[in-house]
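Single-structure report; data block below.
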Amino acid sequence: MKLLIILVLSGSLLNCTGKTDSNNSASGPDKKLSPKHEPVKEPLMKPVKPPEKKSVAQKKAPPVPKPIKKLLPLGIKDKGVFSKFDSQITLEKLSGIDPKKTYIYVNKKARTLTLYHNYVAAKVYPIALGGAPKGKKIRQGDKKTPEGKYAICERKLFKKISPRYGSASLLLTYPGVHDAKRGLASKLITKAQYTEIDKLLKDKKTPLQNTTLGSSIRIHGGGVDSDWTLGCIALRDEDAIELYHSTSHWTPVHIVPDWTPGDKDGDGIADQLDILIGAKKLILNKSDYDPAYFSIKYPWGDVPENKGVCTDVIIRAMRNAGIDLQSLMYDNIMKNRNLYPRIKKPDRNIDHRRVGNMLVYFRYHYNLISNGWSEKTKDKFLPGDIIFMDTITYPGPDHVGIISDRKDSRGNYLVINNWASGCVTAEMDILDSVSILYHYRVK
């Protein structure tokens, strides 16, 4: 017993909180596993819920509701990691969305439509455009999709699939004032038409739909196999229905040539969703928990893809968004040694893989959303958020995971993480049963 106490105090036991250890391991003290902590055989359908802290009772994991309908594949080209799993990625149906607090960004080059809720990316959809998609729409019949700021001014949900608009139609306020100014300058419309368009838009009404600038520009269903519309933005029919229910009259719609807010790697997928998608690919990869020290390249270095610890889930998922924590943290460590007192000699192979070091970096670079989970704060937890946890008897953060977009039967999000020795990267039902210390969002 005295020898064990001496070892603990000297810091020679493996520790993932940032303390120096004799084996240079990325691991933390092994978590005592009950049957409920065993690796998940089917992580996408059977998440595991560990017991309450210090509990050894064997309880059956609560059931997770299965989707009513088969989810559509992501259908978007992702620049990120583990691309062999791209075709298997799906995003869950949206829930908890207030249609009056959403807005839309359309990235024409990436062929993506992103729905934002309360200024956080909630979902991304693949799209199709007009038959001549490049450039701004100038006049009727040019088959170009317009560019600029618009809004939804008419909404229709069809009981039967419409040959022209698919399952749903969201009419946009095209032509906008900027389109009308350009049309007036090029003599495509009259001064009276320009004035009428301007007045209608100020009154939040549908602008003129009978000018040579074109009309009836919509977001609608019908499919995304090719750019087939006359200038509209097409979605898959299931996506069009979901977007209909997630928007309202006068929801803002920004259509741009090649940009998505908060998209580090420029693939048309906002970082919040890119991190979630990366984490979901890691579930499919099923890396074994392995705290060993590895020599890795720099920058963009990674441990063997079939191995990793809890921090590697974060590193890899953020890399899917084009964020290299290895180089970012190493640079920060070298410039701010006083912030990392536990690091005696910087090591770019391992320092970024320790929970304690990662937390220091997050404190100074990302948004702290909350300091714990409760009924009052639960709605602040969103898919793609990152949480630091206290899961063992040693005080302080020792574990980290990513909020999934799947929920348990009680409506709580699951957590994507690599729990401990004997486990693989998986979704687990732990949000309300472990101590959440810090809750961050990468913005």
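The values are calculated or read from the model by the stated rules, or taken from the named source; none is laboratory data. All figures in this text were calculated on a predicted structure; none of them were measured in a lab. Every residue, glycine as well, gets a Cβ built from its backbone with ideal geometry; the counts of neighbours run over all protein chains shown.
Worth a mention:
- When segment 133-163 is limited to residues that are surrounded by 15 or more Cβ atoms within 10 Å (Cβ to Cβ) and among the hydrophobic types (A, V, I, L, M, F, W, C), the one that is farthest from residue 221 (Cα to Cα) turns out to be 138.
- Any hit, segment 315-331, residues being among the aliphatic types (A, V, I, L, M), farther than 16 Å from residue 362 by Cβ and modelled with pLDDT of 95 or more: no
- Residue ID - nearest to residue 149 (Cα to Cα), chosen from residues in segment 182-228 that are of a type in the set (Gly, Ala, Ser) and in a helix (DSSP H, G or I): 183
- Filter result for residue 399 (at pLDDT 95 or above and over 26 Å from residue 307 (Cβ atoms)): no
Residue by residue, here is whether (1) among the basic types (Lys, Arg); (2) surrounded by fewer than 16 Cβ atoms within 10 Å (Cβ to Cβ) holds:
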{"residue": "187", "(1), (2)": "yes, yes"}
{"residue": "197", "(1), (2)": "no, no"}
{"residue": "211", "(1), (2)": "no, no"}
{"residue": "232", "(1), (2)": "no, no"}
{"residue": "237", "(1), (2)": "no, no"}
{"residue": "241", "(1), (2)": "no, no"}
{"residue": "250", "(1), (2)": "no, yes"}
{"residue": "253", "(1), (2)": "no, no"}
{"residue": "268", "(1), (2)": "no, no"}
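- Residues that are farther than 14 Å from residue 157 by Cα and charged (D, E, K, R) were ranked within segment 237-263; the one that is nearest to the chain's Cα centre (by Cα) is 263.
- Residue that is nearest to the chain's Cα centre (by Cα) [pool: residues in segment 352-390 that are closer than 25 Å to residue 296 by Cβ and of a type in the set (Ser, Thr, Tyr)]: 366
- Of the strands (runs of 3 or more DSSP E) lying entirely inside segment 66-126, those carrying at least 2 residues that are under 25 Å from residue 282 (Cβ atoms) and modelled with pLDDT of 95 or more are 112-117, 120-126.
- Contact map, segment 72-97: first residue among the charged types (D, E, K, R), second residue surrounded by fewer than 16 Cβ atoms within 10 Å (Cβ to Cβ), Cβ cut-off under 8 Å, separation 6 or more or different chains; pairs are 79/266; 86/77; 92/67; 92/71; 93/67; 93/71.
- Taking each residue of segment 230-254 that is among the acidic types (Asp, Glu) and looking for partners that are assigned to a loop (DSSP other than H, G, I, E, B) and buried (at least 18 other Cβ atoms within 10 Å of the Cβ) with beta-carbon atoms closer than 8 Å, six or more apart or interchain, yields 237/221; 237/222; 239/221.
- Taking the listed residues 136, 156, the one that is basic (Lys, Arg), assigned to a strand (DSSP E or B) and either at negative phi or over 35 Å from the mean Cα position of the chain (by Cα) (or both) is 156, with no other qualifying.
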